[in-house]
Amino acid sequence: MRRREFNQVLLASAFTLLHGRSRAANASWKLVQELRHPADINVEQIDLAADGKTVASWASDGSLCLWNIAQNKKIWSRTEKTWLLGTNRTHMVCVDNGQPRRVALATGAEDVIPVDIDPVAISANGEWWAGTRERTTIFLWNSKTMKLVPLTAPPVVAYRPEPRYYAFSEDGKWFVAAQGVRAILWDIRKPDDPITLKDQPGEITNLRLTRDATFVLAGAMGGTLDIYCRVNPKASQRASYNGDLRALWLDGPNNRAMVGCSDNGLTLGIQPLPNWRKPSAFPAEPVALPVRGETWSCSLRDKLAASGHVQGLIKIWKWA
């Protein structure tokens with residue numbers, strides 16, 4: 001290759017590299033779509049499906065909807081007496097008028113699931129369900145063996161039925177539940193040996209577990225997010241956002257969490273999680289999303305996110 005041609009190729013490559021870096025530097029979260037839940041009230045639970053094609057939204061009046069994002073339409077809905085337990089790769093799982101149901105994400109077809117508890121959470125692989133009996137005892141129910149496993153825990157207060165107070169680890173081997181300002185963690189193989197975590201400064205509003213429960217994330221009133229490290233407690237950290245922390249979602253593969261707060265704090269942001277092998281003194285600064293007003297729920301899947309707000313407003317975000 002001649003020197004002149006070589007120099008032209010080199011300059012073109014450099015321009016492409018710099019242009020790519022410039023685009024990457026300018027990349028940010030963009031609001032790409034808005035949906036309206038039928039109830040003109042707070043959207044307190046939201047769940048993006050793993051493939052990002054559908055989103056489930058639940059409002060505090062008990063109404064629940066499943067949306068096809070691309071088509072901007074509802075696939076399935078109920079107006080009252082529901083709970084949203086979550087979505088997997090093919091279905092949304094919910095409680096409709098006391099009856100657990102599985103709803104196909106592609107078509108909205110539904111069927112009833114017989115469960116021996118009043119469910120409040122389900123593991124990612126669907127094997128373990130968590131629920132209560134008589135509002136005082138938490139049971140785990142195994143969908144394969146049909147076995148009920150009671151969990152030993154200090155009976156300080158009655159457990160609340162909302163799913164946001166409960167979480168399974170992504171590998172389905174750990175479970176956590178909230179009791180007021182306290183979070184209690186169980187290794188499912190040791191249901192009689194719970195781990196009681198340090199009390200939060202305010203009442204816990206949301207819980208999440210990383211894949212193998214290395215970290216327990218507990219959001220609380222007052223805007224604190226405690227990131228408790230089970231394997232190295234010295235690596236535990238606390239982030240503070242002011243306001244009240246009302247929404248929490250874990251994006252485990254990317255080691256980050258999404259948080260939503262009342263409008264006098266960080267309204268909506270993405271919080272990088274610490275590396276427990278190299279703990280730092282302070283949590284990394286969150287990436288704020290441009291939202292006005294309070295956020296009640298959020299969900300994050302790689303480069304796609306959803307958030308729920310007042311008056312039934314649902315926002316869909318994309319990293320671009």
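The values are calculated or read from the model by the stated rules, or taken from the named source; none is laboratory data. Keep in mind that this is a model prediction, so the values were computed, not measured. With ideal geometry, Cβ positions are generated from the backbone for all residues, glycine too; neighbour counts draw on all protein chains shown.
So here's what we get for this one:
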| read-out | value |
| --- | --- |
| Single residue of the range 251-266 satisfying the filter (surrounded by fewer than 21 Cβ atoms within 10 Å (Cβ to Cβ) and assigned to a strand (DSSP E or B)) that is nearest to the chain's Cα centre (by Cα) | ASP251 |
| Index of the failed condition, GLN237 passing every other in (1) surrounded by 19 or more Cβ atoms within 10 Å (Cβ to Cβ); (2) touching an Asp or Glu at 6+ places or on another chain (Cβ under 9 Å); (3) closer than 25 Å to ASP171 by Cβ; (4) at pLDDT 90 or above | (4) |
| Residue count, the range 47-63 (criterion: outside any loop (DSSP other than H, G, I, E, B) and over 23 Å from ASP251 (Cβ atoms)) | 1 |
| 3 or more residues surrounded by fewer than 19 Cβ atoms within 10 Å (Cβ to Cβ), of a type outside the set (Ser, Thr, Tyr) and at pLDDT 95 or above: qualifying strands (runs of 3 or more DSSP E) within the range 267-318 | none |
| Residue satisfying all of: in the range 71-89; within 15 Å of ALA59 (Cβ to Cβ) and assigned to a strand (DSSP E or B); modelled with the lowest pLDDT among these | TRP83 |
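Table: residues versus (1) without any contact (Cβ under 8 Å) to a residue 12 or more places away in the chain; (2) of a type in the set (A, V, I, L, M, F, W, C); (3) crowded, with 16+ Cβ neighbours inside 10 Å; (4) part of a strand (DSSP E or B).
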| residue | (1), (2), (3), (4) |
| --- | --- |
| PRO100 | no, no, yes, yes |
| THR107 | no, no, no, no |
| ASP111 | yes, no, no, yes |
| VAL115 | no, yes, yes, no |
| ALA121 | no, yes, yes, yes |
| ASN125 | no, no, no, no |
| ALA130 | no, yes, yes, yes |
| ILE138 | no, yes, yes, yes |
| LYS144 | no, no, no, no |
